[in-house]
Amino acid sequence: MYWRDKRVFITGCNGFLGSWLTKDLVAMGTHVVGLVRDSIPKSNLVSFDVEDDITVVRGNLEDYFLLERTINEYDVDTVFHVAAQAIVGTANANPLSTFEANIKGTWNILDACRRNPRVKRVLVASSDKAYGNHQQLPYKEDFALRGQHPYDVSKSCTDLLASTYYQTYGLPVCITRCANLFGGGDRNLSRLIPGTILSVLHGDRPVLRSDGTSVRDYLYIKDATNAYMTLAEGMDDSTLHGQAFNFASESKLSVLDMTQHILRLMEREDLKPIIMNQGANEISRQYLCADKAKELLNWTPLFTIEQGLKETIDWYREYSNMKLIKQLVS
């Protein structure tokens, strides 16, 4: 197996994407070193029962010397840089901390990798938000990066920094631009899908902060981890180095359509969404073309949106039941 005995460093390994990636790599026999900023008692690493199978390094992306020491001491050959401050509302309210984590954190990890010749592949998580607002759709990898608001700008910078380290230093780096990720274990309940599912489980009408017309692309978390590993394996071909790849289901669903889809799957279409129409600094239409990943990496999503949603609903239903049981016995 490709990943058996590889030595991998994952930033943000207890986050949503990082924890699923950690779980899959541990199952393949990979030696995983994970950067953890905050201890979260009920994190996915705990629920996935993999915390004891990895090496945990406590610290943050702003600490350059910690990153350099970690990569050096653990003989890391592959880096998945997926840590970020990823909440748009938090970025708008406190842009400096977002810039510190997302921009400074990225140049720190890139420079630490540059200084270590044992690192053979670096994957940097950008985002579809890095493109900013384009009239032409879907977004393709050669579109300009022109984020306008704090989170979007931080991802545009992340993306450009990764490209800079390839162009200037020949660092073996690739960039991922994923659509909106969803799946079990996303504990950011301000996001549309987990927020809607938990509202329904509690018998409440889901609340949409926007007018519901914004169109987005979505990608199930298991397809995302498969995309990262497929790209990393493909980087044995050095012609891919320095390139960016879009990963998406190419679903193109409005916020209201996605909400109603969840209500139908949960058989609660009686819970009509409450539309607040309070969204700000949001792009109205944003979705990706994933042809490049299909052609160069032979990657395609393994799950339909409906399949991914069913598994996600099941995860939160079990999670909600576990919380209820704990309350009853406490």
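The values are calculated or read from the model by the stated rules, or taken from the named source; none is laboratory data. Just so it is clear, the model here is predicted, and its values are computed rather than measured. Note that we place each Cβ from the backbone using ideal geometry, even for glycine, and neighbour counts take in every protein chain shown.
Just for the range 207-234: of the residues that are modelled with pLDDT under 95 and touching a Gly at 6+ places or on another chain (Cβ under 8 Å), which one is farthest from C289 (Cα to Cα)?
Among those that are modelled with pLDDT under 95 and touching a Gly at 6+ places or on another chain (Cβ under 8 Å), it is V207.
Out of the residues in the range 1-26 meeting the condition of being more than 13 Å from M229 (Cα to Cα) and over 19 Å from the mean Cα position of the chain (by Cα), tell me which one is surrounded by the fewest Cβ atoms within 10 Å (Cβ to Cβ).
The residue in question is D5.
Would you point out which residue out of G147, G185 is crowded, with 18+ Cβ neighbours inside 10 Å, more than 13 Å from the chain's Cα centre (by Cα) and part of a loop (DSSP other than H, G, I, E, B)?
G147
Go over the candidates T98, T106 one by one and state the one that is crowded, with 17+ Cβ neighbours inside 10 Å, assigned to a helix (DSSP H, G or I) and in contact with a strand residue (DSSP E or B) (Cβ under 9 Å, 6 or more places away or on another chain). Don't jump to the end; show me each part of the working.
Values: T98 fails: in contact with a strand residue (DSSP E or B) (Cβ under 9 Å, 6 or more places away or on another chain).
From the options T98, T106, the qualifying one is T106.
Would you mind stating whether R177 is buried (at least 22 other Cβ atoms within 10 Å of the Cβ), of a type in the set (K, R) and in contact (Cβ under 8 Å) with a residue 12 or more places away in the chain?
Yes, satisfied.
Go through R177, R187 for me and flag whichever is touching a helix residue (DSSP H, G or I) at 6+ places or on another chain (Cβ under 9 Å), of a type in the set (K, R) and closer than 17 Å to I313 by Cβ.
R187
Of all residues in the range 21-42, which are touching a Leu at 6+ places or on another chain (Cβ under 9 Å) and over 24 Å from D63 (Cα atoms)?
K23
Go through (1) in contact (Cβ under 8 Å) with a residue 24 or more places away in the chain; (2) in contact with a Ser or Thr (Cβ under 8 Å, 6 or more places away or on another chain); (3) over 30 Å from R7 (Cα atoms); (4) outside any helix (DSSP H, G or I) one by one and return the number of the condition V124 breaks.
Tallying (1) in contact (Cβ under 8 Å) with a residue 24 or more places away in the chain; (2) in contact with a Ser or Thr (Cβ under 8 Å, 6 or more places away or on another chain); (3) over 30 Å from R7 (Cα atoms); (4) outside any helix (DSSP H, G or I), V124 fails exactly one: (3).
Identify, from the list I175, I197, the residue that is of a type in the set (A, V, I, L, M, F, W, C), over 16 Å from A86 (Cα atoms) and part of a strand (DSSP E or B).
Values: I197 fails: part of a strand (DSSP E or B).
That would be I175, the only listed residue that is of a type in the set (A, V, I, L, M, F, W, C), over 16 Å from A86 (Cα atoms) and part of a strand (DSSP E or B).
Go through the range 36-52 and count every residue that is buried (at least 16 other Cβ atoms within 10 Å of the Cβ) and either at pLDDT below 90 or touching a helix residue (DSSP H, G or I) at 6+ places or on another chain (Cβ under 7 Å) (or both). Show your work before the answer.
Applying the first criterion (buried (at least 16 other Cβ atoms within 10 Å of the Cβ)) to the range 36-52 yields 36-37, 43-45, 47-48, 50-51.
If we keep only those that are either at pLDDT below 90 or touching a helix residue (DSSP H, G or I) at 6+ places or on another chain (Cβ under 7 Å) (or both) too, we end up with 37, 43-45, 47-48, 50-51.
Residues in the range 36-52 being buried (at least 16 other Cβ atoms within 10 Å of the Cβ) and either at pLDDT below 90 or touching a helix residue (DSSP H, G or I) at 6+ places or on another chain (Cβ under 7 Å) (or both): 8 in total.
Please pick out the residue among K6, K42, K23 that is more than 27 Å from I193 (Cβ to Cβ) and of a type outside the set (G, A, S).
Numbers: K42 fails: more than 27 Å from I193 (Cβ to Cβ); K23 fails: more than 27 Å from I193 (Cβ to Cβ).
None of the others qualify; the one that does is K6.
Output the residues belonging to the range 79-132 that are of a type in the set (V, I, T) and under 12 Å from T11 (Cβ atoms).
Within the range 79-132, V79, V82, T106, I109, V122, V124 meet the criteria.
Would the range 225-237 turn up any residue that is among the aliphatic types (A, V, I, L, M), without any contact (Cβ under 8 Å) to a residue 60 or more places away in the chain and crowded, with 17+ Cβ neighbours inside 10 Å? I'd like the intermediate steps shown before the answer.
Going through the range 225-237, the residues among the aliphatic types (A, V, I, L, M) turn out to be 227, 229, 231-232, 235.
Within this subset, residues satisfying the condition of being without any contact (Cβ under 8 Å) to a residue 60 or more places away in the chain are none.
Taking every residue of the range 225-237 in turn, none turns out to be among the aliphatic types (A, V, I, L, M), without any contact (Cβ under 8 Å) to a residue 60 or more places away in the chain and crowded, with 17+ Cβ neighbours inside 10 Å.
So that you can scan it fast, the table gives a plain yes or no per residue for (1) modelled with pLDDT of 95 or more; (2) touching a strand residue (DSSP E or B) at 6+ places or on another chain (Cβ under 8 Å):
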residue: D237; (1), (2): yes, no
residue: D257; (1), (2): yes, no
residue: I262; (1), (2): yes, no
residue: L271; (1), (2): yes, no
residue: D291; (1), (2): yes, no
residue: W299; (1), (2): yes, yes
residue: F303; (1), (2): yes, yes
residue: K310; (1), (2): yes, no
residue: Y316; (1), (2): no, no
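Of these, D186, D142, D159, which one is among the acidic types (D, E) and touching a strand residue (DSSP E or B) at 6+ places or on another chain (Cβ under 8 Å)? Step through it out loud before you land on a result.
On the way: D186 fails: touching a strand residue (DSSP E or B) at 6+ places or on another chain (Cβ under 8 Å); D142 fails: touching a strand residue (DSSP E or B) at 6+ places or on another chain (Cβ under 8 Å).
Only one candidate qualifies: D159.
Out of Y139, Y131, I need the residue that is within 16 Å of L288 (Cα to Cα), surrounded by 16 or more Cβ atoms within 10 Å (Cβ to Cβ), among the aromatic types (F, W, Y) and in contact with a Cys (Cβ under 7 Å, 6 or more places away or on another chain). Which one?
Y139
For the subset of the range 55-95 comprising residues that are of a type in the set (G, A, S) and surrounded by fewer than 23 Cβ atoms within 10 Å (Cβ to Cβ), which member is modelled with the lowest pLDDT?
G89
Restricting attention to helices (runs of 4 or more DSSP H) lying wholly within the range 201-313, give those where 2 or more residues are out of contact with any Leu (no Cβ under 9 Å at 6 or more places or on another chain).
In the range 201-313, 255-265, 291-297 are the helices (runs of 4 or more DSSP H) which contain 2 or more residues that are out of contact with any Leu (no Cβ under 9 Å at 6 or more places or on another chain).
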